[in-house]
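I have placed the structure first, in the form of structure tokens, so that the comments after it can refer back to it.
Read-outs throughout are calculated quantities, based only on the coordinates presented, and are distinct from any laboratory measurement. In this text the structure is predicted, and so the values were computed from the model without any measurement. So basically every Cβ, Gly included, is an ideal-geometry build from the backbone, and we count neighbours across all protein chains shown.
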Amino acid sequence: MKTILSRYLIILFLCIAGSAVGQDNKLAIVAHETGAPSSLNNSDLKKIFRGEKQWWKDGTKIVIAFMKTSTPTGTEASKSVLGMSGDELNKHWLSLVFQGKAKAPVFFSSEKELIDFVNQNKGAIGIVHKSAAGNARVVSIEQAPSL
């Protein structure tokens, strides 16, 4: 019984944590044609945007494009995808860069600039509102199976 309840709670947590980038929600993951797969699971998505995963399976370096955390999109993306405030996200990345563990994301003030950057840079990935994605390549997010 404990095992079933534990599994249910884990799946529920994953669904809630990843719900902001699911099919019926406001945010979209955009990526360059080279590197990123057509779909990602929530766990890999978080690893990428936390700097824990730095290479795509094809060997292309992951380049993270993120909206400035002072923008509404940046604030929403950091909270819903990573579970961090904007300040926490900035501190997290400063720490990684200072320790030499990762290259800093490229931060943008507008979603159009972010999308243009992603479209022009192999391995690039970013988060924007679905309404701003336009013709950009959108990566689907695999949701945890429901019980």
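Values as computed for the structure displayed
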quantity: Cut-off under 5 Å, modelled amide H: who pairs with Met67 long-range; calculated: Phe108, Ile127
quantity: At most 15 other Cβ within 10 Å, DSSP loop - GluC sites (Glu not before Pro), segment 47-145; calculated: Glu52
quantity: Sequence-distant residues sharing a close amide H with Ala28 (under 5 Å, placed H); calculated: Val128, His129, Lys130
quantity: Relative contact order computed over segment 66-147 (Cα-Cα under 8 Å; 6+ residues apart), in percent; calculated: 28 percent
quantity: Environment charge of Val81, counting only residues whose C-beta is closer than 10 Å and scoring Lys/Arg +1, Asp/Glu -1; calculated: +2
quantity: Net length gained if the chain between Asp87 and Thr34 were fully extended (0.36 nm per residue, minus Cα distance); calculated: 16.0 nm
quantity: Neighbourhood charge, 12 Å Cβ-Cβ cut-off, centred on Leu96 and excluding it, Lys, Arg +1 and Asp, Glu -1; calculated: +3
quantity: ³J(HN,Hα), Karplus 6.51/-1.76/1.60, whole Hz, each residue of segment 124-135, x for Gly, Pro; calculated: 6, 8, x, 10, 9, 6, 3, 5, 8, 4, x, 8
quantity: Residue-wise HN-Hα coupling along segment 32-38, computed from phi with Karplus coefficients 6.51, -1.76, 1.60 (Hz; x: Gly, Pro); calculated: 5, 4, 9, x, 5, x, 6
quantity: Pairs from Lys61/Lys130; Lys53/Lys79; Lys26/Lys122 whose Cα-Cα separation, in the structure shown, is over 22 Å; calculated: Lys61/Lys130; Lys26/Lys122
quantity: Lys53 long-range amide H proximity, modeled H, under 5 Å; calculated: Ile48
quantity: Segment 88-147 - charge dipole about Cα centre, Lys and Arg +1 at Cβ, Asp and Glu -1, debye rounded to 20; calculated: 160 debye
quantity: Distance between segment 89-138 and segment 30-68 - C-alpha centres, whole angstrom; calculated: 10 Å
quantity: At R0 = 30 Å, FRET efficiency that the Cβ-Cβ distance of Lys101 and Ser131 yields, to 0.05; calculated: 0.30
